[in-house]
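Remarks on the structure that follows.
The values are calculated or read from the model by the stated rules, or taken from the named source; none is laboratory data. None of the values given here were measured: they were computed from a predicted structure. Cβ placement follows ideal geometry from the backbone for every residue including glycine, while neighbour counts extend to all protein chains displayed. We work out accessible area using only protein heavy atoms, side chains counted, and drop any ligands, DNA or RNA first. Shrake-Rupley method; radii C 1.70, N 1.55, O 1.52, S 1.80 Å.
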Amino acid sequence: MMPNNKYIKFIKKRNKYYFLLALSFLVTACEFENVKPTAGNGNKITISTSGATDITQYTAQVAGTLGEIFGRVVQDYGHCWGTSSEPDLSGDYTSFGSVDESLIFNSTLNNLTINTIYYARAYFIIDDIVLYGNETTFSTLEPTVPSVQTVEVKKITSTTAECECFVADDGGAPVFQRGVCFDTVPNPNVTGNRHTINGTGEGSFTAYISGLAENTTYYIRAYAKNSVGIAYGTEISFKTTTGDN
């Protein structure tokens, strides 16, 4: 539609060319950002986000599909995620660089917070324009009891022994106590008097046991506590020596 000459003259008379140009640029930019890039034949380039998999307390996997790009070059692609809907590149994201073909890709989302709802969506950049796929939602897992292992009993004497243990995972909540429990009957637990306290946290530790009876079979297992509960490692049996042997 041809502009109204009287209106243009009025604008000229008011010396407001700059206002008209700025308004025209703003409208054009907003419309351009809302249109997906198309190839010369009018086919739209698409991207989609798949549901999250392999979800833990701290990580998740998200897949995406970049459709046919019709001979063009995508400058970058990946996933962005956050705790609010419609995450974008101002937050956490993966970046896989340029590509000139359609493909399926996967992103590992790290450093997530336990028992939290997240939003993720795939993206690609072409002609310096960022385009996002559909949004997927998932929740990280709640904390569980720790994972602890009774590794080995060694240096056994008539009254003492050492037990090597390992807290492999805190279950998503800090381990505030760990050690071993032992008894002359199977399945010893921390409610009994015969247990040790050997620090906190994940990793390896050694429990030193004393006051044992000579020539006696004992049952021992590692334990670890967090806010969720107590976990026990596999039970190991051993027998003390006779006298100083």
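How many of the residues making up the range 199-239 are in a loop (DSSP other than H, G, I, E, B), crowded, with 19+ Cβ neighbours inside 10 Å and aliphatic (A, V, I, L, M)? Residues that pass the stated criteria total 1.
Total residues in the range 113-136 satisfying the condition of being closer than 14 Å to Ala52 by Cβ, open to solvent by 40 Å² or more (accessible area, probe 1.4 Å) and touching an Asp or Glu at 6+ places or on another chain (Cβ under 9 Å): the figure is 2.
For the range 114-136, give me each residue that is without any contact (Cβ under 8 Å) to a residue 40 or more places away in the chain and not aliphatic (A, V, I, L, M).
Result: Thr116, Tyr119.
When Leu89, Leu66 are screened for being in contact (Cβ under 8 Å) with a residue 12 or more places away in the chain and under 17 Å from Ile45 (Cβ atoms), only Leu66 passes.
The number of residues in the range 133-157 that are polar (S, T, N, Q) and closer than 23 Å to Ala222 by Cβ comes to 5. Can you tell me which residues in the range 221-245 are at pLDDT 95 or above and more than 35 Å from the chain's Cα centre (by Cα)? If the condition is that a residue be at pLDDT 95 or above and more than 35 Å from the chain's Cα centre (by Cα), then Ser237, Phe238, Lys239, Thr240, Thr241 are the ones that fit. Residue count for the range 207-237 satisfying the condition of being of a type in the set (Val, Ile, Thr) and within 19 Å of Thr160 (Cα to Cα): 5. Residue count for the range 54-63 satisfying the condition of being without any contact (Cβ under 8 Å) to a residue 60 or more places away in the chain and within 18 Å of Asn134 (Cβ to Cβ): 2.
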